[in-house]
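Novice: Please read through the structure below; I'll follow up with questions.
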Amino acid sequence: MTDADIPTPNMPAPDMPVPFTGDTYTTPADAAGPIARLLPTLAYYPVMAGIVFRAAAAAQRGEYSSSAWVDSSVEVVRALERTGVRLFVEGMEHFTRLEGPCVFVGNHMSTLETFVLPSIIQPHKNMTFVVKQSLADYPVFKHVLHARDPITVGRVNPRDDLAAVLEGGVERLKRGISVVIFPQATRSETLDPKTFNSIGVKLARRAGVPVVPLALKTDAWGTGWPIKDFGPIRPQRTVHFRFAAPLAVSGNGKEEQAAVYAFIEGCLAEWRNEIRAISS
């Protein structure tokens, strides 16, 4: 791995204008294209494939820097918006004004957040993900992911996963790299306390950094079959990202874990009620 592959505090500015520069963001009303809107899934995936192939080629050459990662992510955002997908991002001030790294803990709903979050977070804070080993082995995309220095877990042995996250997470946080963790074992449109583990809070406590709760609704990118990662693009389903105020972890972290869960649960309930109100 070259120096260009690892996020550094003095990273160059991305070449493509970053849309997420304020505390909030709303997709412009005129972002959708007429053809892409009619055939969103067919219009989106060829564009996304081109973005990934170009990124993978750059990564294999050792040229996929932090700014290039942001550029790729912005391209994905624009491609989604051209199909009619609308994004709402709220609460960015909770991490952009935070000194030092943090642990982002959020729910995991689709493939969309993995592609979009770099354009939201990376321009403000160096970041990486905790990802399943199977994703790190994914054809073509693995080159992109490895260039971003992720923490990989097997999702088979919880003890091994905890050890990998604590060791790898603390090391990255000491280097000033924030860590994004989705505690759920798999992507889901619902939230279950039994599968929403406390691994993110434990990492924050071990490293002595705050937790930033992240609620998201990203089911505009559906689940596919036989390839789960590439389902239909559904512009009628609005995308939401909402960040909460950072939490300092004290004691055993149970209160902070409950607060993270309650925040996400409350946001999902609010967004579900909005859908019902529109449908009625």
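Novice: Is the shape of the range 204-254 rounded, prolate or oblate, going by the alpha carbon gyration tensor and its root eigenvalues a ≥ b ≥ c, with a/c under 1.5 for rounded and a/b larger than b/c for prolate?
Specialist: prolate
Novice: Cα centroid distance between the range 91-128 and the range 200-265, in Å?
Specialist: Distance between centres, Cα-based: 10 Å.
Novice: Something else: Quick one: divide the alpha-carbon radius of gyration of the chain by 2.2 N^0.38 Å and tell me what you get.
Specialist: That works out to 0.95 for the chain.
Novice: Continuing with this model, one more query. Calculate the dipole size of the range 19-135 relative to its Cα centre from +1 charges on Lys and Arg beta carbons and -1 charges on Asp and Glu beta carbons; express the result in debye to the nearest 20.
Specialist: The calculated dipole for the range 19-135 is roughly 340 debye.
Novice: Scanning the chain for helices, which whole DSSP H stretches are 15 Å or more long along the axis (Cα) and average 0.5 or more by Kyte-Doolittle?
Specialist: Qualifying helices, which must be both long enough and hydrophobic enough, are 40-60.
Novice: Turning to a different aspect of this structure: Any chance you could count the Lys pairs in the range 147-280 whose alpha carbons are under 18 Å apart, treating pairs 8 or more apart or on different chains as valid?
Specialist: Pairs that pass both the separation and distance tests number 5.
Novice: In square angstrom, rounded to the nearest 10, how much accessible surface does residue 149 have for a 1.4 Å probe?
Specialist: The value for residue 149 is about 20 Å².
Novice: Over all pairs of distinct alpha carbons, what does the Kirkwood formula give as the hydrodynamic radius of the range 78-157, in Å?
Specialist: Result for the range 78-157, one decimal place: 14.5 Å.
Novice: Charges only on Cβ, +1 for Lys and Arg, -1 for Asp and Glu: so what's the dipole of the chain about the Cα centre, in debye to the nearest 20?
Specialist: Rounded to the nearest 20 debye, it is 440 debye.
Novice: For 44, 25, give me the order by solvent-accessible area with a 1.4 Å probe, most accessible first, ignoring ligands, DNA and RNA.
Specialist: 25, 44
Novice: Still on this structure, please answer the following. Quick one: pull the percent of accessible area on the range 20-137 belonging to carbon and sulfur, 1.4 Å probe, ligands and nucleic acids left out.
Specialist: Using a 1.4 Å probe with all protein chains present, the range 20-137 comes out at 57 percent carbon and sulfur.
Novice: How charged is the neighbourhood of residue 233? Take every other residue with its Cβ under 12 Å from the Cβ of residue 233, and add Lys/Arg as +1 and Asp/Glu as -1.
Specialist: Result for the neighbourhood of residue 233: +2.
Novice: Rank these residues by their accessible area, most exposed first, probe 1.4 Å: 228, 254.
Specialist: Descending accessible area places them as 254, 228.
Novice: Considering only the chain, what is the antiparallel percent among its DSSP beta bridges, to the nearest 5?
Specialist: Within the chain, antiparallel bridges account for around 30 percent of the total.
Novice: Same structure again: Short version: ³J(HN,Hα) in whole Hz for each residue of the range 85-99, in order, from phi by Karplus 6.51 cos²θ - 1.76 cosθ + 1.60 (θ = phi - 60°), x for Gly and Pro, what are they?
Specialist: 5, 10, 10, 10, 10, 9, x, 5, 4, 5, 10, 5, 9, 8, 7
Novice: On to the next question. Arranged from highest to lowest average of other beta-carbon atoms within 10 Å per residue, in what order do the peptides 53-59, 119-125 appear?
Specialist: Those peptides, ordered most packed to least, come out 119-125, 53-59.
Novice: Continuing with this model, one more query. Is there a quick way to get the dipole size of the range 156-267? I mean about its Cα centre, with the Cβ of Lys and Arg at +1 and of Asp and Glu at -1; what is the value in debye to the nearest 20?
Specialist: The calculated dipole for the range 156-267 is roughly 180 debye.
Novice: Once the other residues with Cβ under 12 Å from the Cβ of residue 102 are scored (Lys, Arg +1; Asp, Glu -1), what is the net sum?
Specialist: +2
Novice: Return one whole number: the accessible area per residue of the range 215-265 in Å², for a 1.4 Å probe.
Specialist: 46 Å²
Novice: Under a Cβ-Cβ cut-off of 14 Å, what is the net charge of the residues other than residue 54 that fall near it, where Lys and Arg count +1 and Asp and Glu count -1?
Specialist: -3
Novice: Using a 1.4 Å probe on the protein heavy atoms only, what accessible surface does residue 38 show? Give it in Å² to the nearest 10.
Specialist: We get 140 Å² for residue 38.
The values are calculated or read from the model by the stated rules, or taken from the named source; none is laboratory data. Quick caveat: nothing in here was measured; it's all calculated off a predicted structure. Here the Cβ is made from the backbone with ideal geometry for all residues, glycine too, and neighbour counts use every protein chain on show. Heavy atoms of the whole protein, side chains included, go into the accessibility calculation; ligands, DNA and RNA do not. Shrake-Rupley method; radii C 1.70, N 1.55, O 1.52, S 1.80 Å.
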